[in-house]
Amino acid sequence: MNRYVVFWFLLGLAACASLMAGCARPPSAGACWADQAGAFHQIIIDLADPALEGRDAGNAGIDKARDYLVEQFAAIGLQPAVRSTDGNRFAQMFTVHLGVKAVAQALAVAPRMGEPFGPELEPGVDFNVLGISADGVFDGQAVFVGYGIVNDQQRYNSYAALHGEGLAGKVAVAFHYEPIDGDRRSQWAGTGIVRGDRWSEAAVFPAKAKQAVEHGAAALLVVNPPSHDVSSKLRSTNSTSGATAAVPVMQISSRLFERMLGGNGGNTPRLVEQLQRRANKGESTIVPLGRVRGSVCLERPEDNVANVAALLPGVGALADQVIVVGAHYDHIGYGETGSRTEARVVRPGADDNASGTAGLLLLARAAVQRAAAEVQPSVSRRTVLFVAFAGEERGRLGSVHFVDHLAELGVEQEQIVAMLNMDMIGRLEKNRLYVFGTGPGDKWAKLVRNANRRVGLWLKFDGLAMGASDHTSFYNRKIPALHFFTGLHRDYHSPTDTVDKINASGAAMILQLIDSLIKDLVGRPQCPAFVADRPTSRSTRAIMSTRA
């Protein structure tokens, strides 16, 4: 991940005066946004409180955050949006898999067949069970199989030199990744920036495990090749795609692999490099090793969490059309997953994403006040769904569940004409706001610029809507989606993402813009249509592709 260091500044008197100039509407039509910085700051204090434990699934803190949001939506005067039978019609419940935890794991190696095993190896240093692993025990000869790949399209077969019974009852040992060129890049993968496709599907652990099983292996050990061995760092057990292998799967250190190769004579590090060169050329090189035995026992806990959804019903001819305004309220708890630091302490997530959630509540309050101030009963206005998503940090789980279960809210996909997402809007610097999902020349950009006229932010547009936040779930359904974002910083996913670093005055400016955009969208006769991704800025693409 790229490192972005953000230094924020308090806004001067000129910026305050600009904000005040944009609040020339009567109090009954909604609070002056310049006066909302204090309310914004207080909501973040509430959500980033250590008592909420970083708002991660599996901790009681996320339930406290959910209840807080339900109370806030109800107090604002919004209607519950969920067709629920359990009494809490603000909460759309769903199940989150909390990852994979190793209850027990063991590995021992005998340098040669027939020799005694050495001492039990150390998990996290010599080896680590991978999250795709099956439970079980294994004991047999280890056999090196190159990259452990069969790719018919590339006419590549790591197992071609196997004879007889193949790997029946044995343990396959394979390099991580796939054949590389002279620049250490995959020979097979595409060059896309957004999806980060540095490797083809053949390189992933589940594909290697599948091939090992098909050739009879009782287990699979994966080791980083010399070209990509960064201090022999081992993957976390919790790093998993959700797939499950049919046999135990472990990653071993390069040092352990060299020890296992030691019985084959010669300069072992040089031998490892030779093995990778052969594998890169497509040569099937089968190398018998010593004996290994091991055991794996994993658990895969779950938790029930909730999206919190509230409704401001529309009126008139536009009432059946829906604008979704969203932000995720979860974070990474004590840092077991997704953390940039090791210590098991609360990650308060003040910017990520208490800031977006605070904005969601204040925008909802302004919309309710504006609706209450309407004096013409014949006005036509779209319905607005305000949604606080859970599970975003674990892969946009809440927003995916939302778009997959719209019937739980009595909404059809065709009714949703736009989605506005706020994720990390609390660190405005130099008045720069990133707006993803709209290119500089399209109709959506024009609407955002119009909303910005009385605010004066420097807008950084990018046609990229496919990104690492909840708007992507709507984009994937061809629903127009915009994402508002103030940028990454050194405190991202760290214990130091705290309230004191929030630029509340800057956030009030952003909310003034989004509120103006909502006001426009709910009443205009026709909203702009869906526009497919058209990335326009390499720098903003880099920001979004690393925010994962």
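From the list Arg89, Arg112, pick out the single residue that is modelled with pLDDT under 95 and surrounded by fewer than 17 Cβ atoms within 10 Å (Cβ to Cβ).
Arg112
Select from the range 127-183 the residues that are polar (S, T, N, Q) and closer than 16 Å to Met250 by Cα and list them in ascending order.
Of everything in the range 127-183, those that are polar (S, T, N, Q) and closer than 16 Å to Met250 by Cα turn out to be Asn128, Ser133, Gln141.
May I ask you to list pairs of residues, at least six apart or on different chains, whose Cβ atoms are under 9 Å apart, with the first in the range 463-487 being of a type in the set (Lys, Arg) and the second being surrounded by fewer than 24 Cβ atoms within 10 Å (Cβ to Cβ) and not in a loop (DSSP other than H, G, I, E, B)?
Arg477/Val403; Arg477/Gln413; Arg477/Ile416; Lys478/Gln413
Looking at Gly426, Gly456, Gly437, which is the one that is surrounded by fewer than 24 Cβ atoms within 10 Å (Cβ to Cβ) and either more than 17 Å from the chain's Cα centre (by Cα) or without any contact (Cβ under 8 Å) to a residue 24 or more places away in the chain (or both)?
One residue alone meets the criteria, Gly456.
Consider Arg449 carefully, then state whether it is assigned by TED's automatic domain parsing to the domain that holds Val400, over 15 Å from Ser399 (Cα atoms) and free of Cβ contacts under 8 Å to residues at least 12 places away in the same chain.
yes
Pick out the one residue from Gly166, Gly148 that is part of a loop (DSSP other than H, G, I, E, B), touching a Ser or Thr at 6+ places or on another chain (Cβ under 7 Å) and crowded, with 16+ Cβ neighbours inside 10 Å.
From the options Gly166, Gly148, the qualifying one is Gly148.
Could you check, for the range 297-315, whether at least one of its residues is touching a residue at least 60 places away in the same chain (Cβ under 8 Å), more than 33 Å from the chain's Cα centre (by Cα) and in the same structural domain as Val384 (by TED's automatic domain parsing)?
Looking through the range 297-315, at least one residue is touching a residue at least 60 places away in the same chain (Cβ under 8 Å), more than 33 Å from the chain's Cα centre (by Cα) and in the same structural domain as Val384 (by TED's automatic domain parsing).
Can you name every residue in the range 476-518 that is assigned to a loop (DSSP other than H, G, I, E, B) and β-branched (Val, Ile, Thr)?
Ile479, Thr486, Thr496, Thr498, Ile502
With Arg365, Arg382, Arg394 as the choices, which residue is modelled with pLDDT of 95 or more, basic (Lys, Arg) and surrounded by fewer than 24 Cβ atoms within 10 Å (Cβ to Cβ)?
Being modelled with pLDDT of 95 or more, basic (Lys, Arg) and surrounded by fewer than 24 Cβ atoms within 10 Å (Cβ to Cβ) holds for just one of Arg365, Arg382, Arg394, which is Arg365.
Given Ala343, Ala319, which one is at pLDDT below 95 and surrounded by fewer than 17 Cβ atoms within 10 Å (Cβ to Cβ)?
Ala343
When the range 85-125 is examined, which residues are found to be in a strand (DSSP E or B) and of a type in the set (S, T, N, Q)?
Listed by number, the residues that qualify are Gln92, Thr95, Gln105.
Check whether at least one residue in the range 436-446 is part of a loop (DSSP other than H, G, I, E, B), among the small types (Gly, Ala, Ser), under 22 Å from Ser516 (Cβ atoms) and touching a strand residue (DSSP E or B) at 6+ places or on another chain (Cβ under 8 Å), and report yes or no.
Within the range 436-446, one or more residues are part of a loop (DSSP other than H, G, I, E, B), among the small types (Gly, Ala, Ser), under 22 Å from Ser516 (Cβ atoms) and touching a strand residue (DSSP E or B) at 6+ places or on another chain (Cβ under 8 Å).
Tally up the residues in the range 272-293 that are surrounded by fewer than 24 Cβ atoms within 10 Å (Cβ to Cβ) and either part of a strand (DSSP E or B) or touching a helix residue (DSSP H, G or I) at 6+ places or on another chain (Cβ under 8 Å) (or both), please.
Number of matching residues: 9.
The values are calculated or read from the model by the stated rules, or taken from the named source; none is laboratory data. Model, not experiment: these values are computed from the prediction. Cβ sites come from the backbone with ideal geometry, for glycine too, and all protein chains shown count toward neighbours.
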